[in-house]
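Reviewing the structure listed below.
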Amino acid sequence: EFRRVLFRSVKALYLAGKEWSLEYFEQIYKRLMDPATDHAFTKYYFESEAGPKGIDIVKKYKDTVFEESNSAVIFPGEKYGLHTRVFINSLGLPTYEAKELGLAVTKYHDYPFDTSIMITGNEIDEYFKVLLKALSMIEPEIASKMKHLSHGMVRLPEGKMSSRTGNVVTGEWLLNEAVSRASEKIKEAKAEDERISENDKADVLEMVGVGAVKWALLRSGIGKDVEFSFDESVSFEGNSGPYMQYTLVRTRSVLEKAGELSPFTESNISLSAEERGLLVMLSQYSDIVMDAAEKYSPSTLSTYLFQLAQEYNLFYQKHPILKEEGDVKAFRLRLTQRVGETLHDGLNLLGIKTPDRM
């Protein structure tokens with residue numbers, strides 16, 4: 001009787017902890033997503049579901065794909081130039097390898113996908129090579145539709161985060177600190193628009209802070225470590241999220257001051273080097289997006305957007321817009337409009353929101 005009571009008590013604590021963890025995860029995810037474009041998770045898969053499925057698969061293919069070794073079941077990866085890894089240990093329990101195997105098959109059964117992208121840290125690249133090789137020998141159709149992408153580690157300027165040394169920050173702290181420092185930067189730069197109401201300031205700071213973190217992570221190439229620096233990430237100068245957002249807000253401000261745009265008759269206008277450069281860059285946008293998508297490379301898009309923002313800000317500083325007249329003014333306003341639309345669309349693809357004013 002005591003054991004039954006103890007079991008029920010432990011199970012109740014486990015279920016409560018599980019519920020709290022999922023609620024906390026959803027809170028963080030809501031801060032990172034755009035309700036207008038992003039989608040919530042349709043289903044969660046737990047190890048308790050994937051594990052038994054993985055055991056069944058491994059046992060089914062024992063002696064053909066897997067082998068028994070020291071009372072455990074392994075995949076002989078060395079035969080294929082890979083690591084040999086345990087899928088069921090000597091106690092009969094599934095390892096992460098078996099659970100991942102069960103997860104892949106279960107997901108495909110529930111949602112027959114064209115492509116499934118698995119994103120992990122690059123420290124377990126060899127692990128996934130073994131997993132995908134084993135899966136290709138069991139379910140070749142599913143394996144052919146799975147793509148593994150790995151990323152580097154996020155490092156502080158003083159080195160890699162380590163739980164052993166206590167040099168670790170949580171995702172929530174990172175977002176909150178970015179929001180706080182963005183507020184300080186805006187005040188220092190005197191970039192705060194007086195037309196922003198007190199009620200809207202918190203939303204603006206949230207967009208800027210979260211955007212700073214997202215941009216800092218997405219601008220790095222696939223597989224590379226990210227050295228996260230608050231000074232660089234929340235700066236309004238250089239390759240940062242706030243710089244990108246402020247550039248977009250600048251284009252909106254120019255168009256707002258201009259009012260209704262005058263028709264452009266496309267007469268012979270002598271274009272500056274900056275204007276020609278912007279036109280060339282704008283013509284490349286669709287190809288850049290396609291290239292970034294095909295390579296699964298957000299940094300390809302972020303690099304382009306940063307260069308576009310630099311080109312526009314140089315143009316903005318060297319050439320008057322609102323003080324011009326006729327077709328020159330009309331052209332420069334249309335150019336500003338197109339740059340703004342491109343920056344908005346590109347940042348939206350990267351999941352970065354921009355306030356109307358900053």
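The values are calculated or read from the model by the stated rules, or taken from the named source; none is laboratory data. For clarity, every value in this text was computed on a predicted model and none was experimentally measured. Cβ atoms come from the backbone with ideal geometry, glycine included; neighbour counts cover every protein chain shown. These accessible areas exclude ligands, DNA and RNA; they are computed on the full protein's heavy atoms, side chains included. Shrake-Rupley method; radii C 1.70, N 1.55, O 1.52, S 1.80 Å.
Keeping the other protein chains in place, figure out the carbon and sulfur percent of the accessible area of the chain, with a 1.4 Å probe. Walk me through the numbers before you get to the answer.
Working: 10760 of 20810 Å².
Here it works out to 52 percent.
I'd like to check one number: the per residue accessible area of the chain, probe 1.4 Å, reported in Å² as a whole number. Walk me through the numbers on the way to the answer.
On the way: 20810 Å² over 358 residues.
That works out to 58 Å² per residue.
Give me the net charge for the shell around Ser116: Cβ to Cβ below 10 angstrom, other residues only, Lys and Arg +1, Asp and Glu -1.
Numbers: positive: Lys107, Lys145, Lys147; negative: Asp114.
Here the charged neighbours net out to +2.
Mean shadow of the chain, computed from the convex hull of its alpha carbons, in nm²?
Working: hull surface 101.8 nm².
Computing the convex hull of the Cα atoms and averaging its projections yields 25.4 nm².
Once the whole set of protein chains is in place, how much accessible area is left on Ile288, using a 1.4 Å probe, in Å² to the nearest 10?
We get 40 Å² for Ile288.
From the P(r) of the range 1-101, could you give the percentage of C-alpha pairs in the tail past 23 Å? Don't skip to the answer; put the middle values down first.
Details: 2668 of 5050 pairs.
That fraction is 53 percent.
Bin width 5 Å, alpha-carbon pairs only: give the P(r) of the range 46-174 as whole percents, running from 0 to the bin holding the largest distance.
Pairs per bin, as whole percents: 2, 10, 18, 20, 17, 12, 10, 8, 4, 1.
Leaving out same-chain residues fewer than 8 places away, which lysines sit with a Cα under 27 Å from that of Lys79?
Of all the lysines, those that pass the test against Lys79 - Cα under 27 Å, at least 8 places apart if same chain - are Lys53, Lys59, Lys60, Lys62, Lys99, Lys129, Lys133, Lys145, Lys147.
If you place +1 on the Cβ of every Lys and Arg and -1 on the Cβ of every Asp and Glu, how big does the dipole about the Cα centre of the range 236-358 come out, in debye to the nearest 20?
Working: 13 positive and 16 negative charges, 66 e Å.
My answer is approximately 320 debye.
Sum up the lysine pairs in the range 213-346 that clear both bars: alpha-carbon distance under 21 Å and a spacing of 8 or more or different chains. Kindly include the intermediate steps, with their values, before the conclusion.
Numbers: Lys214/Lys224; Lys214/Lys295; Lys224/Lys295; Lys257/Lys318; Lys257/Lys323; Lys257/Lys329; Lys318/Lys329.
Close lysine pairs under the 21 Å cut-off: 7.
With every protein chain in place, what's the accessible area of Tyr44 (1.4 Å probe, Å², nearest 10)?
Rounded to the nearest 10, the figure is 70 Å².
Taking one equal scatterer on every alpha-carbon of the range 66-117, how large is log10 of I(q)/I(0) by Debye at q = 0.25, 0.28 1/Å?
Log10 I(q)/I(0), no solvent term: -0.91, -0.99.
Most fluctuating residue of Asn313, Asn268, Asn176 in a GNM of the chain with Cα springs under 10 Å: which is it?
Sorting by GNM fluctuation, first place goes to Asn268.
Run through every distinct alpha carbon pair of the range 275-328 and return the Kirkwood hydrodynamic radius in angstroms, one decimal place.
Numbers: mean 1/r = 0.0798 Å⁻¹.
One over the average 1/r among Cα pairs gives 12.5 Å for the range 275-328.
Excluding residues fewer than 8 places away in the same chain, name every one of the lysines whose C-alpha is closer than 17 Å to that of Lys201.
The reachable lysines, counting only those whose Cα sits under 17 Å from Lys201, are Lys185, Lys187, Lys190, Lys353.
Compute the Rg to Rh ratio over the range 255-358 from the alpha carbon atoms, using the Kirkwood formula for Rh, and round to two decimal places. Could you put the intermediate results ahead of the total?
On the way: Rg = 14.7 Å, Rh = 14.8 Å.
That ratio is 1.00, to two decimals.
What does DSSP give for the chain in terms of the percent of beta bridges that are antiparallel, rounded to the nearest 5?
55
Leaving ligands, DNA and RNA out of it, work out the accessible area of Ser270 with a 1.4 Å probe and give it in Å² to the nearest 10.
Its accessible surface works out to 110 Å², give or take rounding.
At most 15 other Cβ atoms within 10 Å plus a DSSP loop assignment makes a site exposed; report the longest stretch of the chain without any exposed GluC sites (Glu not before Pro). The partial results should precede the final answer.
On the way: sites that count: Glu1, Glu158, Glu192, Glu194, Glu237, Glu260, Glu266, Glu324, Glu325.
Within the chain, the longest run free of exposed GluC sites (Glu not before Pro) spans 2-157.
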